[in-house]
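The values are calculated or read from the model by the stated rules, or taken from the named source; none is laboratory data. Quick caveat: nothing in here was measured; it's all calculated off a predicted structure. Using ideal geometry, Cβ is built from the backbone for each residue, glycine included, and neighbour counts are taken over all protein chains shown. These area figures cover heavy atoms from the full protein model, side chains too; ligands, DNA and RNA do not enter into them. Shrake-Rupley method; radii C 1.70, N 1.55, O 1.52, S 1.80 Å.
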Amino acid sequence: MSSHHIVRDDQEPALIIANGEACSIELLNQLLEWSPLVVVLDSAIERVLELGIKVDVLIGDFDRNFDYNYYKDLQYPIEIIKVDEQETYDIDKAINYLIDRKIPAANIVWATGKRMDHTLTNITNMVQYRDRIKLVMLDDYSKIFVLNKSFTKWYPAKTILSLIPVGTVSGINSTNLVYELNNDTLTLGFRTGSSNEVLNDGLVEINYKEGNLLLIESND
């Protein structure tokens, strides 16, 4: 397992490791190779250490018996941050830590699977950070991120793309999808844009007027 830190440019995305279902070693190594900063939630630290990963920041409420000196010695140098408030999830504590450090972007792994309530919360909560940090959540099957009001990206034909509104999203238009949207409205729980596909090799364009829209790129 890579210990990371091949690059140390804070313009590269940091990596947050949560405590959901583990991703493949291949994906984790790819992300570690380019991550200047690895932030781990306290609930996941033992699983992470078993993989031989060098941790930069350990964060959480540490609501269990916790030996600070043990981890300081084992992972020196490491920053250990205890956040006592219980109004946010530990993953939000990690994101806010990066925002305070003015880190512009972060990849998030181990945030899906296992507990469905955690999965849904972790995914939908990304929208609240859209104007403060660029977040991408990844597992072995999907890449999830919040769309800007205007989005353009090249994709091969038949790539599965899902447009998931958080709340209601209006004025959605698209080009180069099998099921095009033309000034459409999507509402979570009533109508979503799940399991659409790229029509032809080339640029996909998506824009919308109001709301918060997630894009899920699927590779299953």
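Taking only the Cα atoms of the chain, the radius of gyration and Dmax are 18.4, 58 Å.
The alpha carbons of the range 105-162 give a radius of gyration and a Dmax of 12.4, 33 Å, in that order. Can you spot the lysines whose alpha carbon is less than 16 Å from K93's alpha carbon? Ignore those fewer than 8 places along the same chain. By straight Cα distance, K93 reaches K82, K102, K134. Sorting F190, F66 by accessible area puts them as F190, F66; the probe is 1.4 Å, largest comes first, and only protein heavy atoms count. Across the range 123-152, the residues whose backbone nitrogen lies under 20 Å from the label position 7 Å along the beta-carbon direction of E210 are 127-128, 130-131, 147-151. Each principal axis of the Cα cloud of the range 133-175 was taken in turn, and the coordinate range along them, longest first, works out to 30, 26, 17 Å. For the range 1-130, the direction-averaged projected area of the alpha-carbon convex hull comes to 7.7 nm². Helix content alone sets the calculated 222 nm mean residue ellipticity of the chain: runs of n ≥ 4 DSSP H residues at -39500 (n - 2.57) each, divided across all residues, give -5000 deg cm²/dmol. Model label sites at Q30 and K153, defined 7 Å from Cα along the beta-carbon direction, differ in position by 1.2 nm.
Dividing the Cα radius of gyration of the range 58-116 by 2.2 N^0.38 Å, with N the residue count, gives 1.26. Computed across the range 64-195, the Kirkwood hydrodynamic radius from all distinct Cα-Cα pairs reaches 17.5 Å.
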